[in-house]
Amino acid sequence: RTQVAVLPVVVHVVHNPAAPVQNIGDEQIRSQIEVLNRDFRAANPDVVKVPPVWRHLVADTMIEFRLADVDPAGAPTSGIVRTETSRREFTWDDAVKSGATGGADPWPADQYLNVWVCQLGGGLLGYAQFPGGPPHTDGVVILHSAFGTVGTATPPFDGGRTATHEIGHWLDLYHIWGDDDGACTSDDKVADTPNQARENLGSPTFPRITCDNGPNGDMFMNYMDYTDDAAMYMFTRGQATRMNACLEGTRASFLV
Ligand code: ARG
Ligand code: ZN
Ligand code: CA
């Protein structure tokens, strides 16, 4: 593809009126869209921190995001839907994705990237559904205080990178460590990301060697690791290829 793919986004803000902070403002939502458009185009200012040995792997995915301007009925929209709930918080069980369970129904998942923003329990920052799953639960869910860069966004997850990470999953990326809990036997099915033992947290120092991956070690600054927002700043070419294969395959309805 030589043309940038622009994906329409609908943000469902599901909030309890007894906790007004959950009803995040439009500015916070716009700050998140800006982060996505920087991160997916390798236009994020912190990309300069990528270690020189990996600079050639930094990828512009050619994917951008825009708040939807037409709703499913064809009417103009801001791309932001606010829904009141009586629930105190949600979790990974998808209840936030349906009006029947206190959440908000998705817009057609073959035409919109559905993003639900709400209070999440248990320290969960967000979660995503991989391509190929049921349409009525397709999309990503993000904790309001890990969404965007202003308003309720709270350090160390106030850089908008939770959505970058979860949309990576939505476009078929696996965790960079292969989810094998230190076994070094499975990886992320991407050739140019080093095999690494397990997730990294916080802000590690380069190089961090695991799974015999020296001298450069883990690519802990990759969006698909678990480091702090300020410590992650790249997708690789291999990851960009995988996301674009998803856009040309399972999610091809977005390219028309
Ligand atoms: N699903 C992950 C979690 O809830 C998201 C981690 C995102 N990492 C970040 N630095 N924002 O822990
Ligand atoms: Zn993840
Ligand atoms: Ca890899």
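No lab work stands behind these numbers, since they all come straight from the coordinates. A quick note: this is a predicted structure, and the numbers were derived from the prediction, not measured. Positions of Cβ are backbone-derived with ideal geometry, glycine not excepted, and every protein chain shown enters the neighbour counts.
Only the Cβ atoms of Lys and Arg (+1) and of Asp and Glu (-1) were treated as charged; on that basis the dipole of region 146-256 about its Cα centre amounts to roughly 280 debye. Taking the DSSP bridge list for the chain and keeping only pairs wholly inside it, about 20 percent are antiparallel. About its Cα centre, the dipole of the chain is roughly 380 debye, where the only charges are +1 on Lys and Arg Cβ and -1 on Asp and Glu Cβ. For region 18-72, the convex hull drawn through the C-alpha positions has a volume of 129 cubic angstrom per residue. Positive end of the dipole of region 12-112 (Cβ unit charges, origin at the Cα centre): among 90, 112, 40, the Cα lying farthest that way belongs to 40. The trypsin sites (Lys or Arg not before Pro) of region 105-203 meeting both criteria, a DSSP state outside H, G, I, E and B (loop) and at most 16 other C-beta atoms within 10 angstrom of the site's C-beta, are 189. Quick note on region 38-106: its Rg to Rh ratio, both from C-alpha atoms and Rh being the Kirkwood radius, is 1.18. For the chain, taking a cut-off of 4.7 Å between Cβ atoms, the unpaired cysteines are 118, 246.
With the charge dipole of the chain set up from +1 on Lys and Arg Cβ and -1 on Asp and Glu Cβ about the Cα centre, the Cα lying farthest toward the positive end among the listed residues 215, 136, 50 is that of 50. Using C-alpha pairs below 8 Å separated by at least 6 residues, the relative contact order for the chain is 20 percent.
Each helix, a run of at least 4 DSSP H residues, gives -39500 (n - 2.57); summed and divided by the residues of the chain, these come to -4500 deg cm²/dmol at 222 nm. Only four residue types carry charge here, +1 at the Cβ of Lys and Arg and -1 at the Cβ of Asp and Glu. Report the dipole size of region 32-134 about the Cα centre in Debye, rounded to the nearest 20. With Lys and Arg at +1 and Asp and Glu at -1, about 300 debye. Taking Cα atoms only, the orientation of helix 161-170 departs from the longest principal axis of the chain by about 90 degrees. Coordinate range of the alpha-carbon atoms in the chain per principal axis, descending: 52, 39, 32 Å. Calculated on the alpha-carbon coordinates, the convex hull of region 111-235 measures out at 118 cubic angstrom per residue.
Restricting region 65-98 to trypsin sites (Lys or Arg not before Pro) that sit in a DSSP loop and have at most 13 other Cβ atoms within 10 Å of their own Cβ leaves 88.
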